[in-house]
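One structure is given here, and the rest of the page talks about it.
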């Protein structure tokens, strides 16, 4: 895999800006992923769900990675990485805006559709972001750059539940949660409707922010990646390898990511 613009020409401030952009992508991925930690108990109360049904939040979000990972690769190859990431942000923006009618209707199924859309867009972004870490700078320091991106990602994971909870929850909500089961049906309906509609403004703002990110990333200084050609070194290394099982490091990496994400979701 080559870069249409040689990365040796991406130096100085432009290289720094490009790395910061990718760091921002990893921050967004971490922030949106860990917001689910608050949505699960929130939806359980506001939509009157069982414990099993509330965990469909996690299922709807992460199943989109399984569904979209391969199509994301084809999209990036066909449209280019920057345009592909723009589409990813647009899909995420649509997912965030879906929360508005979902909250108006107090429809859990519509919320799940929004979460699936957010996850699908995020799958495209993540598929594109990882190669950039490899090419933005010396290849021998790629592992170091991945570690720095991990700080962006996990830092967002720490902030997301705190920030999101401070926006949608109030200091008096613990009393409200205890009173809801004791309310008559009409009063409970009003209380639950008020509770679920608190997500409207945050997710409408998030949708607008993601839409702005889509426009920015399309015209960002990130170099485009050429997926049509291999470097001579890679061609020589990969000669005689005809299927995915000829790359054991890729298989082991996939298993490692599977276990990592599984542990993350359980936590």
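No lab work stands behind these numbers, since they all come straight from the coordinates. These numbers come from a predicted model, not from an experiment. As a convention, Cβ positions derive from the backbone with ideal geometry for all residues, glycine included, and neighbour counts pool all protein chains shown.
What to note about this one:
- Ranking of 110, 263, 187 by neighbouring Cβ atoms within 10 Å, starting from the fewest: 263, 187, 110.
- Among 118-127, 136-145, the order from most to least packed when residues are scored by Cβ within 10 Å on average: 118-127, 136-145
- Note: relative contact order over the chain, using C-alpha pairs below 8 Å and six or more positions apart, is 35 percent.
- Principal-axis tilt of helix 108-135 within the chain, Cα atoms, nearest 10 degrees: 20
- Computed over the chain with a Gaussian network model linking Cα atoms closer than 10 Å, the most mobile of 182, 169, 76 is 182.
- Inverting the pair-averaged 1/r between distinct Cα atoms of the stretch 115-226 gives 17.9 Å as its Kirkwood hydrodynamic radius.
- The packing ranking of peptides 244-257, 89-102, highest mean first, is 89-102, 244-257, where packing means the average number of other beta carbon atoms within 10 angstrom of each residue.
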